[in-house]
Each structure stands twice: as structure tokens, then as C-alpha cells.
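To start, the structure itself, in C-alpha cells.
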Amino acid sequence: MRPILLIGAGRMGGALLNGWAKNQFAPLIAVEPQPSPTLKRLARRHHVALFARADSIASLRASACIVALKPQVLNLEAARLRPIAESGALMISIAAGTNTATLKKAWGPKARIVRAMPNTPGAIGKGITALFAAKGVSTKDKALAQRLLAALGATAWLKSEKDIDTVTAVSASGPAYVFLMVEALAAAAFAEGLPLALAEKLARATVIGSGALLDADPSPPKRLRQNVTSPGGTTEAALKILLAKDGMPDLLKRAVAAARRRARELG
């Protein structure tokens, strides 16, 4: 059986490797020049072969090669992976901004390429990954890619590659927006006189609980918001600020647009 190869076992790559190990994918091979103690323990426990350089496994015939490198690193290292692509491995890139045309130049015109855009909640299996299959990717390839990325959580296929930049700005960068909201809510509570530890506990628990409710209740988010909002009440008073012309909806539109522009620039 051909192995699954991971190039780059940092935070996201490590989460993938951990998910594959839990789901008993084997054999597994990872290339990581600076493996963390956690990665070393995982490799020993699940018999993952660790290498420091991709050159060491250039002749390997893998079923799939998942490239979990930052865009700037991928631009430098992509060409070194061409022998793996030419051996018949399905190439899966999770780098933002690096499009399939660029990857085909590095990996050859016959390379079968899937781009994937996961997010950090995948580290606990609660993420979502958007995938795009370039021309030449078979139904069997797509099934393998989806099975591999499902280790991080939910998956969704895109029809157009240009949509990956928007996905990057929304779901890939989105956890940072949520964490900022927790920070801001805690800071506001502290400013109103609550002890900092209590303010942080309340803000964190509120967002965690709200996320769980979104997961459990299929109602649209607008309906869930309205359920909390009594006419003339405290929530309505706050929402008048948040929904003002320059409030949260406008800020998020501008933020997502800025992130999308940056994703295009990286390409």
C-alpha cells in the first residue's frame, strides 16, 4: 500500500497527522525540519516515519502528498516535490494564495492537484475545509482528498478556484475574528468594573455556548439573534450600536475584503 506523505508538520500539518493516526491511516510519512516534542511523540506512538528534508524521500511513490507549507516557503520548496508528483501521487496543497497554475509549473503539467483551505479549529476536529479540484483530478482522487481532509472536520467543494481567496478571508482567517471578539468583550466587561478573570471567563463561555447553540439549532443566525433580543431591552440597546452604519456588519465586510485582497497578492 502506498503511503500518505505530509510535507510540513507545523500546527495545521500536525493536526492532519494526528487525525490520520487516530483514524488509523497507514503508512504515514512526514517531512518536518524542526519536529516539535509533540510531533516526535506522535510519530513514535503511531509509527510515523519522520524526515528532515523532502530530498530524502524524492523517489517515494505515495498515494497522496499533502503540502502544508506557508505560501512563502512553498514558493521556494515546490520544485523539489516534482519527482513525487511525477510518480503519480495526488498533490494536495493547503497554502493560501498559491494557485494551481503556479503549482503545475512547479510539479509538471500532468500533476493532479487539489487545493484545500482548512482552519485552525481542525486541530480538535471541529474545523471546516473548502476544496477545489484542478483539471485532471478524478472522482477517486476527490474521494481520497475529502477523506484525508475530513480528519480536521467538515468539508465543502468549490466549483471555482477564485472562491478560495474568499474562503481564506472568511473561514480560514475567521477564527481570529472570533477570538478578537472574545478579547474585546472581556475588555468591555473589565471596563464596566468586573474583575479581569471573571470578564474573560464570561466572554469565553458566552462564545463557546453560542457556537454550540449554532451547531445544535438549525435556525438561521438572524433568528437566534432575534430570540435573544427583547423589544426595548438591554440586547436591543447594544445591537443599535453594533448594527449602526459603521458597526459590526460594515467592519466585517471591510475586514474580509482586506483579507481576500491579501490572499490574491500572495498568489
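Summarising the overall dimensions of region 5-163 from its C-alpha atoms, the Rg and Dmax are 14.3, 40 angstrom. Averaged over residues, the count of other Cβ atoms within 10 Å places the peptides 210-222, 141-153 in the sequence 141-153, 210-222, highest first. From least to most packed, judged by other beta carbons within 10 angstrom and beginning with the fewest, Met1, Met117, Met91 follow the order Met1, Met117, Met91.
Listing Thr234, Thr155, Thr229, Thr129 from fewest to most neighbouring C-beta atoms within 10 Å gives Thr234, Thr229, Thr155, Thr129.
Can you give the FRET efficiency for Ala176 and Arg264, using 1/(1 + (r/R0)^6), R0 = 22 Å, r = Cβ-Cβ distance, to the nearest 0.05? In this case the efficiency is close to 0.70. Can you tell me which of Ala21, Ala205, Ala116 moves the most in a GNM of the chain? Springs connect C-alpha atoms under 10 Å apart. The residue that fluctuates most here is Ala205. The orientation-averaged shadow of the Cα convex hull for region 174-266, equal to a quarter of the hull surface, comes to 7.7 nm². Note on the chain: GNM, Cα springs under 10 Å; of Arg80, Arg223, Arg254, the largest mean-square fluctuation is that of Arg223. The Rg/Rh ratio for the chain is 1.04, where Rg is the radius of gyration of the alpha carbons and Rh is the Kirkwood radius. Expressed as an acute angle from 0 to 90° and rounded to the nearest 10, what is the orientation of the C-alpha long axis of helix 248-266 relative to the principal long axis of the chain? On a 0 to 90 degree scale, this one is about 20. When only alpha carbons are used to place a centre, region 122-192 and region 249-267 end up 15 Å from one another. Once C-alpha pairs closer than 8 Å and six or more residues apart are averaged by separation and normalised to the residue number of region 174-266, the relative contact order reads 13 percent. Kindly express, to the nearest 10 degrees and within the range 0 to 90, the angle between helix 174-191's C-alpha long axis and the longest C-alpha principal axis of the chain. Tilt relative to the chain: about 30 degrees.
Among Leu131, Leu196, Leu202, sorting on how many other beta-carbon atoms sit within 10 Å of each Cβ, with the fewest leading, yields Leu196, Leu202, Leu131.
Per-residue extension of 0.36 nm, minus the Cα-Cα distance of Ala150 and Asn75, leaves a gain of 24.4 nm for this segment. The dipole here belongs to the chain: it is taken about the Cα centre, uses +1 on the Cβ of Lys and Arg and -1 on the Cβ of Asp and Glu, and is about 920 debye. Only Lys, Arg, Asp and Glu carry charge here, each on its Cβ (+1 for the first two, -1 for the last two); on that basis region 174-266 has a dipole of about 460 debye about its Cα centre. Computed per residue of the chain from DSSP H runs no shorter than four, each worth -39500 (n - 2.57), the mean residue ellipticity at 222 nm is -15000 deg cm²/dmol. Lysine pair count for region 135-267 with Cα-Cα distance under 25 Å and sequence separation of 8 or more or different chains is 13.
Give the aspartates and glutamates reachable from Lys104 as a straight Cα distance under 15 Å; neighbours fewer than 8 places away on the same chain don't count. The reachable aspartates and glutamates, counting only those whose Cα sits under 15 Å from Lys104, are Glu77, Glu86, Glu161.
The mean sequence separation of alpha-carbon pairs under 8 Å and at least six residues apart, normalised by the residue count of region 4-161, gives a relative contact order of 20 percent.
When the Gaussian network model of the chain links Cα atoms closer than 10 Å, the mean-square fluctuations of Glu236, Glu86, Glu183 top out at Glu236. The mean sequence distance of close C-alpha pairs (under 8 Å, at least 6 residues apart), as a share of the length of the chain, puts its relative contact order at 14 percent.
Segment Lys159..Arg254, full-extension length gain: 31.7 nm, with 0.36 nm per residue of separation and the alpha-carbon distance subtracted.
Throughout, read-outs are computed from the coordinates displayed, never taken from laboratory work. Keep in mind the model is a prediction, meaning the values are calculated, not measured. Methodologically, a virtual Cβ is constructed for each residue, glycine included, from the backbone with ideal geometry; neighbour enumeration extends over all protein chains shown.
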